[in-house]
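The values are calculated or read from the model by the stated rules, or taken from the named source; none is laboratory data. What you see is a predicted model, and the numbers here were worked out from it, not measured in a lab. Reconstructed Cβ throughout: ideal geometry from the backbone, glycine too, with neighbour counts over all protein chains shown.
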Amino acid sequence: MKAIPTAIPDVLIIEPKVFGDERGFFFESFNQAQFDDAIGKKVNFVQDNHSRSVKNVLRGLHYQIQQPQGKLVRVVQGAVFDVAVDIRRSSPTFGQHVGLELSAENKRQLWVPEGFAHAYLVLSDTAEFLYKTTDYWAPEFERSIAWDDPAIGIQWPIQGEPTLSVKDQLGKSLAEAEHFA
């Protein structure tokens, strides 16, 4: 496993070592000891989630203000544009974001630590998205920041409007949203 730094030091691209030949491929998608070494701390994942969406669905920008979740995300079918936004008020990268393509083909994963809002846009006809979380889903603490907030300035690779849930249609601006210390 290789950890690749991003523009925000706490957000890392995790690239597995893939072994392939004419029969197909094999890779270890998760190894606790290697992952802890890669991010520099011990992490305990408590929940795995699996989502399937169609093209132009945008999910996010989500976070939990209490019981914050670190997320290790990946795509097992299709492709998405994945985004993490730093919403830690005391961080020098507050309000900044990292965005990249995750796909079944590139097999990359993204580590999104606690204190970040997370979203993804489906680029392929369909995509299956898997993620591990460091805390349990707590809908009463879930919040949503507007996907198109100009203060964040995400350049989504989409023409027209994405398909959003009602919750995401009601996302607040970064200025109005609750933040982490």
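Couple of notes before you dig in:
- Pairs, first of a type in the set (Val, Ile, Thr) in segment 138-164, second in a loop (DSSP other than H, G, I, E, B), C-beta under 6 Å, six or more apart: Ile145/Gly171; Ile145/Leu174; Ile145/Ala177; Ile152/Leu174; Thr163/Asn56
- On the stretch given as segment 110-158, residues that are of a type in the set (S, T, N, Q) and either out of contact with any strand residue (DSSP E or B) (no Cβ under 9 Å at 6 or more places or on another chain) or within 14 Å of Ala79 (Cβ to Cβ) (or both) total 2.
- Val80 vs. criteria under 17 Å from Trp111 (Cα atoms) and assigned to a strand (DSSP E or B): yes
- Residue match in segment 4-12 (condition: surrounded by 11 or more Cβ atoms within 10 Å (Cβ to Cβ), in contact with an Asp or Glu (Cβ under 8 Å, 6 or more places away or on another chain) and assigned to a strand (DSSP E or B)): yes
- Qualifying position, being among the aliphatic types (A, V, I, L, M), at pLDDT 95 or above, surrounded by 18 or more Cβ atoms within 10 Å (Cβ to Cβ) and touching a Ser or Thr at 6+ places or on another chain (Cβ under 7 Å), among Val75, Val80: Val75
- Qualifying residue in segment 40-51 (condition: at pLDDT 95 or above, within 19 Å of Phe180 (Cβ to Cβ) and among the aromatic types (Phe, Trp, Tyr)): no
- Only a single item in (1) within 12 Å of the chain's Cα centre (by Cα); (2) touching a residue at least 60 places away in the same chain (Cβ under 8 Å) is not met by Asp10, and it is number (1).
- Number of positions in segment 39-76 that are in contact with a Lys or Arg (Cβ under 8 Å, 6 or more places away or on another chain), polar (S, T, N, Q) and either over 17 Å from Trp111 (Cα atoms) or outside any strand (DSSP E or B) (or both): 2
- Residue match in segment 58-80 (condition: more than 20 Å from Pro16 (Cα to Cα) and touching a Leu at 6+ places or on another chain (Cβ under 7 Å)): yes
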